[in-house]
Amino acid sequence: MSQDQPSAPAAWSGRFSEPVSERVKRYTASIPFDWRLAPFDIQGSLAHAAMLHKVGVLSAQDLTDIRRGLGEILADFETGRFTWNLDDEDIHFNIERALTKKVGDAGKRLHTGRSRNDQVATDVRLWLRDAIDRIQTLLRAARLALLDMAERHADTVMPGFTHLQAAQPVTFGHHLMAWQEMLARDAERLADCRKRVNRLPLGAAALAGTSYPIDREFVARELGFDGVCENSLDAVSDRDFAIEFLAAGALIMTHLSRMSEELVIWMTPRFGFIDLADRFCTGSSIMPQKKNPDVPELMRGKTGRMNGHLIALLTLMKGQPLAYNKDNQEDKEPLFDAADTLVDSLAIFADMMGSHLDATTGERVWHVKVRAERMRQAAVEGFATATDLADYLVKKGLPFREAHEAVARAVRAAEQKGCDLANLPLDALRAFSELIAEDVYAVLTLEGSIQARDHIGGTSPAQVRAAVARARARLG
Ligand code: ARG
């Protein structure tokens, strides 16, 4: 969409003795960004016009003309031929002007029984509903990618961390399923937010409703809303539904930032747990050896702007008296940018976690290359089965505190020798507790430790596979 030459005085200029200055015009106009609402503005106007005709306020001829004109404007918009004009302030006036140019008086009758206040609130809700649906599709794609990878790595052992230090062995599949759970809650939150987005403000008019015999339920049905906003003052003024969306979006980005951080850590040569496909990384202009995980780093960074947008809208709403105030025009740029950021981040994340079939070999290529040996080695070096040894002693009758102490001494001895607990000979282990016998080696292995955590939510491979199956069933 491009900008046109100045056209005519503002639609409301009759009341005024002088035009606004150029700077004020630019300051108050929203068309440079709200042009994105065009298809939704047209959708809302079509439903409004159909309703006006149904209740006998608009003639059949006017309705026909309006439909034709708006259809042409939509086609112009979709093919990039629609031009906007700063003199017409916002998308609502721009479309009305274009319509009137095309169909004459019918265009001037469209605004009967409504105001830009209920019109913009309707447009933003329609736009946001569509954005939520697109984001949900991408969340689903990201979750499916994680489920595939988790299933593939249900047996791959890695250290689980607390304080970023090796704590207990887990499977990589279990770790990925933790990510999947975060995104599953994000999807739930968005679905919940959508319910409150999906209400019709139109009919509230400027603030008090309208004296025309309107049928709001009809418009709500036409536009696929679940119902109407119950109070006209509230309908035109509150943007809490947008704030909820930004809060849900900030949590999505927060989750993606945590996953990104782990990808960055795992990819450092010191960890070497994974390698990311080259197309998600960049090189250094000076250090030829570098392959930097720029994509996850940027995703981590973009969380900042999402949090900023949430704070911007909360601050915008705070202390606003009823009903509509021009402050609310400031809701759009944060919302648009938030949706763009979420769409791009989730699409890239799903791809980064995904796989594809190689065109020549027909083999599946995973975009995250997993170095299972490095993961395993890190679990061994981190004495990740120390808790299992303590549990072993407790099962043989030792109080847990004493078992903890005995194992701490065993770890110190293994550390001094530069070996794993499982490499200490039986006599050496028995020096820490008489209760230790040959069967101890079964619990000291990584596999033994993992298999033992065989309950819902636990890390055993069987449980990870079951969790993947449950999540798949939920995704349908
Ligand atoms: N561009 C305005 C907005 O985004 C439309 C509503 C303007 N209404 C008004 N009375 N100034 O909020």
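Restricting attention to segment 26-61, which residues are more than 14 Å from the ligand (Cβ to nearest atom) and β-branched (Val, Ile, Thr)?
42, 55, 57 - these are the residues of segment 26-61 that are more than 14 Å from the ligand (Cβ to nearest atom) and β-branched (Val, Ile, Thr).
From the residues in segment 85-116 that are closer than 20 Å to residue 68 by Cβ and of a type in the set (Asp, Glu), which one is surrounded by the most Cβ atoms within 10 Å (Cβ to Cβ)?
Only one residue fits best here, namely 96.
From 83, 100, grab the single residue that is out of contact with any Pro (no Cβ under 9 Å at 6 or more places or on another chain) and free of Cβ contacts under 8 Å to residues at least 60 places away in the same chain. Steps first, answer last, please.
Details: 83 fails: free of Cβ contacts under 8 Å to residues at least 60 places away in the same chain.
It is 100.
Scan 202, 207 and give me the residue that is in contact with a His (Cβ under 8 Å, 6 or more places away or on another chain) and within 16 Å of the ligand (Cβ to nearest atom).
On the way: 207 fails: in contact with a His (Cβ under 8 Å, 6 or more places away or on another chain).
Sole residue among the options that is in contact with a His (Cβ under 8 Å, 6 or more places away or on another chain) and within 16 Å of the ligand (Cβ to nearest atom): 202.
Condition check: more than 26 Å from the chain's Cα centre (by Cα), open to solvent by 20 Å² or more (accessible area, probe 1.4 Å) and under 30 Å from residue 370 (Cα atoms). Does residue 208 satisfy that? Walk me through it before giving the result.
Working: more than 26 Å from the chain's Cα centre (by Cα): yes; open to solvent by 20 Å² or more (accessible area, probe 1.4 Å): yes; under 30 Å from residue 370 (Cα atoms): no.
Taking the combined requirement at face value, the residue does not satisfy it.
Based on what the data block shows, is residue 121 out of contact with any Ser or Thr (no Cβ under 7 Å at 6 or more places or on another chain), at pLDDT 95 or above and more than 16 Å from the ligand (Cβ to nearest atom)? Lay out the reasoning, then the answer.
Details: out of contact with any Ser or Thr (no Cβ under 7 Å at 6 or more places or on another chain): yes; at pLDDT 95 or above: yes; more than 16 Å from the ligand (Cβ to nearest atom): no.
So residue 121 fails the test.
Out of all the residues in segment 106-118, which are more than 16 Å from the ligand (Cβ to nearest atom) and either free of Cβ contacts under 8 Å to residues at least 40 places away in the same chain or in contact with a Cys (Cβ under 8 Å, 6 or more places away or on another chain) (or both)?
If the condition is that a residue be more than 16 Å from the ligand (Cβ to nearest atom) and either free of Cβ contacts under 8 Å to residues at least 40 places away in the same chain or in contact with a Cys (Cβ under 8 Å, 6 or more places away or on another chain) (or both), then 108 is the only one that fits.
So, residue 119, is that one in contact with a Pro (Cβ under 9 Å, 6 or more places away or on another chain), of a type outside the set (A, V, I, L, M) and surrounded by 22 or more Cβ atoms within 10 Å (Cβ to Cβ) or not?
Spelling it out, residue 119 is indeed in contact with a Pro (Cβ under 9 Å, 6 or more places away or on another chain), of a type outside the set (A, V, I, L, M) and surrounded by 22 or more Cβ atoms within 10 Å (Cβ to Cβ).
Taking segment 281-301 as the region of interest, how many residues are of a type outside the set (A, V, I, L, M), surrounded by fewer than 19 Cβ atoms within 10 Å (Cβ to Cβ) and under 16 Å from residue 349 (Cβ atoms)?
Narrowing segment 281-301 to residues of a type outside the set (A, V, I, L, M): 281-285, 288-294, 296-297, 300-301.
If we keep only those that are surrounded by fewer than 19 Cβ atoms within 10 Å (Cβ to Cβ) as well, we get 281-285, 288-292, 294, 297, 301.
Imposing the further condition that a residue be under 16 Å from residue 349 (Cβ atoms) reduces the set to 281, 294, 297, 301.
Result for segment 281-301: 4.
Quick one: what pairs do we get from segment 330-356, first residue within 18 Å of residue 40 (Cβ to Cβ), second small (Gly, Ala, Ser) and within 16 Å of the ligand (Cβ to nearest atom), C-beta under 7 Å, 6+ apart or different chains?
331/242; 332/30; 334/312; 335/242
Restricting attention to segment 447-462, which residues are modelled with pLDDT under 95 and open to solvent by less than 10 Å² (accessible area, probe 1.4 Å)?
Matches in segment 447-462: 449 only.
Can you tell me which condition residue 265 does not meet? The list is (1) open to solvent by less than 50 Å² (accessible area, probe 1.4 Å); (2) part of a helix (DSSP H, G or I); (3) within 16 Å of the ligand (Cβ to nearest atom), and all the others hold.
If we test residue 265 against (1) open to solvent by less than 50 Å² (accessible area, probe 1.4 Å); (2) part of a helix (DSSP H, G or I); (3) within 16 Å of the ligand (Cβ to nearest atom), just (3) comes out false.
All but one of (1) in a helix (DSSP H, G or I); (2) at pLDDT below 95 hold for residue 469; state the number of the condition that does not hold.
(2) is the only condition that residue 469 fails.
Count, please, the residues in segment 407-450 that happen to be of a type in the set (Val, Ile, Thr) and more than 47 Å from the chain's Cα centre (by Cα). It would help to see each step written out before you state the result.
Keep residues of segment 407-450 that are of a type in the set (Val, Ile, Thr), which gives 407, 411, 436, 440, 443, 445, 450.
Then keep just the ones that are more than 47 Å from the chain's Cα centre (by Cα); that gives 436.
Here the count works out to 1.
For residue 60, all conditions in the list (1) within 37 Å of the chain's Cα centre (by Cα); (2) open to solvent by 50 Å² or more (accessible area, probe 1.4 Å); (3) over 25 Å from residue 326 (Cα atoms) hold save one; what is the number of the exception?
(1)
The values are calculated or read from the model by the stated rules, or taken from the named source; none is laboratory data. This one's a predicted model, so the numbers in the text were calculated from it and none came from an experiment. As a convention, Cβ positions derive from the backbone with ideal geometry for all residues, glycine included, and neighbour counts pool all protein chains shown. Note: areas computed on protein heavy atoms with side chains; ligands, DNA, RNA excluded. Shrake-Rupley method; radii C 1.70, N 1.55, O 1.52, S 1.80 Å.
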